[in-house]
Amino acid sequence: MATEQDLAFMAEALVLAEQGLYSAHPNPCVGAVLVKDGRVIGRGAHLQAGESHAEVLALEEAGAAARGATAYVTLEPCCHYGRTPPCADALIAAGITRVVIAMRDPNPLVAGRGVERLRAAGVAVEEGCLEAAAEALNPGFLRRMRHGRPWMRLKQAMSLDGRVALANGQSQWLTGEAARADVQQERARASAILVGIGTVLADNPRLAPRLETPLRRYPVKVIVDSHLRTPPDAALFGTPGAVWIFHRQDAPVAARAALCAAGAELLFCRSTVQGLDWQEVTSMLAERQINEVLVEAGPGVAASLFAAGLIDEWLLYVAPLLLGRDARPVLATGPYSDLAEVPRWSVIQSSRLGNDIKWTLRPQER
Ligand code: AOF
Ligand code: ZN
């Protein structure tokens, strides 16, 4: 059983783990704290793939004092040789006698074997300490490992009457500065930002986070563009981050050459009568190690993703204004004739940003 003290040290490890939120991709955010005689003797956070894991950094800080200490780690220590050697072995070699973990690592290369290795070496292992909080840290990594697709986060800004643009298409800007600054943070933490070709043609977006300090890593810019209509001089080619374009096999050859020359990577994808096959798009993104996708698409792409059951989270910035009855609806679904059938969402978080409200919603299970 986890003690009060265990919970407090794990909470500290979770805060450390958050340091990797913008950079750890495609690896998970992980934090580690080493404790001896009730005192913290080492701390670590995994910041970037290829760099040391959290446990190793904490062991380095503790040095010889690690012998006999307890390690608090937000994810099961690894037991495989990846870009770095196994953490379970490092903990054993350093003489750690007890390891408290928040959750197991669903990576098939680990998946319980880290815990087994520690126990086999005589280390006491406590599991499930603040597990829900650890799960919440890495929705994308966990979704990819468990389901072979990224965590899909749809972002939209809407009016009080549930509209995203005037009938003539005008939509800039519904929300105020604080909400728009928050979107930059959401972009920065994403592994990829996804838009449809309609958005590229209408808004010519740059699709890179605009932040004061440069990032260690920039999200991949993903365009879903069946017929390769993306202009090779689109603004998104001039901003940091790779460009991937999903298209149909019969897209024009001349467009392929021009877009490759502009720096895009073209990804051929199966299509259905409705357009590109979202299941395939998302599984291809996962194969390419994309954990979290911020979908900044218009209502059309949003509705088709929703119909495919592929929206894990909905970030809704609600501006207190009315766009009128002929304006474009946020997510055209239905029609429904029974309230028992309408899709319902759970409010995960609600906050005020300037004069706007941000809702974080997740679909309710049926
Ligand atoms: C840990 N501690 O801090 C992290 C872990 O290629 P590598 O060597 O960086 O290994 C990446 C995998 O290791 C990653 O997919 C996940 O399963 C695990 N991440 N494990 O013990 C850490 N970041
Ligand atoms: Zn490790």
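Residues that are within 21 Å of the chain's Cα centre (by Cα) and surrounded by fewer than 17 Cβ atoms within 10 Å (Cβ to Cβ) within the range 27-48 comprise just one, Gln48. Of the residues making up the range 122-152, those that are without any contact (Cβ under 8 Å) to a residue 60 or more places away in the chain and within 14 Å of Pro77 (Cα to Cα) number 4. Suppose we filter Cys79, Cys87 for residues that are within 16 Å of ligand 2 (Cβ to nearest atom), touching a Lys or Arg at 6+ places or on another chain (Cβ under 6 Å) and either more than 22 Å from Cys29 (Cβ to Cβ) or in contact (Cβ under 8 Å) with a residue 12 or more places away in the chain (or both); which single one remains? One residue alone meets the criteria, Cys79.
Listed by first and then second residue, the pairs with beta-carbon distance under 6 Å, at least 6 apart or on different chains, first residue in the range 334-357 and within 26 Å of Ala136 (Cα to Cα), second surrounded by 13 or more Cβ atoms within 10 Å (Cβ to Cβ) and of a type in the set (D, E, K, R), are Ser346/Arg362; Ile348/Arg362; Ser351/Lys358; Leu353/Asp182.
Only residues that are away from ligand 1 (no atom under 11 Å from the Cβ), part of a loop (DSSP other than H, G, I, E, B) and within 20 Å of Met10 (Cβ to Cβ) were counted in the range 26-69, giving 4.
Regarding the range 36-46, can at least one residue be identified that is under 18 Å from Ala2 (Cβ atoms) and within 13 Å of ligand 2 (Cβ to nearest atom)? Checked the range 36-46: no residue is under 18 Å from Ala2 (Cβ atoms) and within 13 Å of ligand 2 (Cβ to nearest atom). In this structure, Val125 does satisfy being closer than 19 Å to Leu14 by Cα and assigned to a strand (DSSP E or B).
Meeting the requirement of 2 or more residues that are under 21 Å from the mean Cα position of the chain (by Cα) and hydrophobic (A, V, I, L, M, F, W, C), the strands (runs of 3 or more DSSP E) wholly within the range 264-366 are 292-295, 313-319, 345-353, 356-363.
Evaluated against (1) of a type outside the set (Phe, Trp, Tyr); (2) more than 14 Å from ligand 2 (Cβ to nearest atom); (3) touching a residue at least 40 places away in the same chain (Cβ under 8 Å), Val30 falls short on exactly one condition, (2). Taken together, the criteria place Arg149 among residues that are within 21 Å of the chain's Cα centre (by Cα) and either more than 11 Å from ligand 1 (Cβ to nearest atom) or of a type in the set (Phe, Trp, Tyr) (or both).
Quick grid of which residues meet (1) surrounded by 22 or more Cβ atoms within 10 Å (Cβ to Cβ); (2) out of contact with any Ser or Thr (no Cβ under 6 Å at 6 or more places or on another chain); (3) in contact (Cβ under 8 Å) with a residue 24 or more places away in the chain:
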{"residue": "Leu154", "(1), (2), (3)": "yes, yes, yes"}
{"residue": "Leu160", "(1), (2), (3)": "no, yes, yes"}
{"residue": "Glu186", "(1), (2), (3)": "no, yes, yes"}
{"residue": "Thr199", "(1), (2), (3)": "no, yes, yes"}
{"residue": "Arg206", "(1), (2), (3)": "no, no, yes"}
{"residue": "Arg217", "(1), (2), (3)": "no, no, yes"}
{"residue": "Ile223", "(1), (2), (3)": "yes, no, yes"}
{"residue": "Ala235", "(1), (2), (3)": "no, yes, yes"}
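Evaluation of Phe237 against the conditions (1) on the phi < 0 side of the Ramachandran plot; (2) within 20 Å of the chain's Cα centre (by Cα); (3) not charged (D, E, K, R) shows that the sole unmet condition is (2). For the range 258-283, filtered to residues that are more than 30 Å from Leu215 (Cβ to Cβ) and exposed (fewer than 12 other Cβ atoms within 10 Å of the Cβ), the residue that is modelled with the lowest pLDDT is Val273.
The values are calculated or read from the model by the stated rules, or taken from the named source; none is laboratory data. Keep in mind that what you see is a predicted model, and the values were worked out from it rather than measured. Note that each Cβ is placed from the backbone with ideal geometry, even for glycine, and that neighbours are counted across all protein chains shown.
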